[in-house]
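> Quick one: this structure, given as structure tokens, is what I'll be asking you about.
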Amino acid sequence: MRKKSPIIFTGLLMLLMLLSLAVSGCQKTTPQPPQPAESTLINPVGPLVLPLAGLENGAVKGPVTVKVSYWKSNDEAIGLLTGNQADFAVLPVTLAANLYANQKDLVMVGVHEWKVFYLLARQGVQFTDWSSLKNKSIHMPVGKGQTVDVLSRLGVIRAGLTPDQDVQFVYAPPQEVVSLFQTGKIDFAALPEPYVTLAMKDNAGSIVLDYQKYWGEVAAVEPRVPIAGLFVKKDFAAKNPQMVKDVAQMLSDSTDWCNTNPDAAIEQAQNTLPLPAAVMKASLQRTEFKYIPSAECRDEVKKYLETIQQIDPNSIKQLPDQGFYGE
């Protein structure tokens, strides 16, 4: 027998090695799933903690991780936005419109709070219409230029009275307003739920005006007010259009979850708004949360802002242009 040449054997070995490398190179590696995108959202402490409950407790999920933090005053919210510490913000529509007038860097994505504000009168105090407030004071939370302040000034002006002269407007934290009302130290309080329910405990007073119905009568629209909604920084939205859609959908889903799971929503919300569960549940009877995209409610928001500015130009310094309204 003839011996195989060492050269041929070495050549065959090298060919096998090359074939092996070629096969292994053709094998596809399993792609790693992308890390979920992350965004930051600021939300006011108050009734609007409830629509976020589904997001906060994990009942509502989506392709974006939303980190939520809470603000207690307009100045705090503005500071977080101007300091680039938030991509998204839940804000009163009037506050957002005035911020837009200054820098034009916010876009309205949608509105989800439509019914929450009421005027209370202390037990034994008469209220027939806005003229009953002459030489009186209204205590309310947050500050000048916000929804209940704007609507109250609208009512006072339409009654032929002058705000801050014929009627005084006093601003304090909602818990303080409730305490003053409960102890009989003030006659009128304009509050959002659930503070309305809390203030009326032990027959301290009663609701004398529904701000949503009043607005409906003034503007000849549905008895609801575009109170607050979801806004995004304009530059962020331009760079992350899909994330804006995702976060909007998650807030919409969380709002729906809150409406269908009120007990669980209240349990989660108490981590941020520690009020008695019975009070919060009763307050939901006078509250409406419903997410409506900007494209579907912009006409309603425009009419609201235009009407407010016509009657009280100081409340809305400049009407926002089309850039304020998201698609």
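The values are calculated or read from the model by the stated rules, or taken from the named source; none is laboratory data. The structure presented is a predicted model; accordingly, all values stated were derived computationally and were not measured. Reconstructed Cβ throughout: ideal geometry from the backbone, glycine too, with neighbour counts over all protein chains shown.
> Within segment 120-157, track down each residue that is farther than 30 Å from residue 90 by Cα and not hydrophobic (A, V, I, L, M, F, W, C).
If we filter segment 120-157 for residues that are farther than 30 Å from residue 90 by Cα, which is where we start, we get 122-136.
Passing the criteria: 122, 123, 124, 126, 128, 129, 131, 132, 134, 135, 136.
> Which of the residues belonging to segment 259-292 are hydroxyl-bearing (Ser, Thr, Tyr) and touching a strand residue (DSSP E or B) at 6+ places or on another chain (Cβ under 7 Å)? Show your work before the answer.
To start, the set of residues in segment 259-292 that are hydroxyl-bearing (Ser, Thr, Tyr) comprises 260, 272, 283, 287, 291.
272, 287, 291, listed by residue number.
> Taking segment 293-327 only, how many residues are in contact (Cβ under 8 Å) with a residue 40 or more places away in the chain, surrounded by fewer than 18 Cβ atoms within 10 Å (Cβ to Cβ) and hydrophobic (A, V, I, L, M, F, W, C)?
Selection size over segment 293-327: 2.
> Could you pull out the residue among 193, 176 that is of a type outside the set (S, T, N, Q), at pLDDT 95 or above and in contact with a Lys or Arg (Cβ under 6 Å, 6 or more places away or on another chain)? Spell out how you get there, then give the answer.
Working: 176 fails: in contact with a Lys or Arg (Cβ under 6 Å, 6 or more places away or on another chain).
It is 193.
> Among the helices (runs of 4 or more DSSP H) lying completely within segment 253-327, list those that include at least 3 residues that are under 19 Å from the mean Cα position of the chain (by Cα).
Values: elements: 262-269, 277-283, 294-311.
The qualifying helices (runs of 4 or more DSSP H) are 262-269, 294-311.
Here's the yes/no breakdown for (1) buried (at least 16 other Cβ atoms within 10 Å of the Cβ); (2) out of contact with any Gly (no Cβ under 9 Å at 6 or more places or on another chain); (3) at pLDDT 95 or above:
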residue	(1), (2), (3)
225	yes, no, yes
228	yes, yes, yes
249	yes, no, yes
252	yes, no, yes
256	yes, no, yes
267	no, yes, yes
275	yes, yes, no
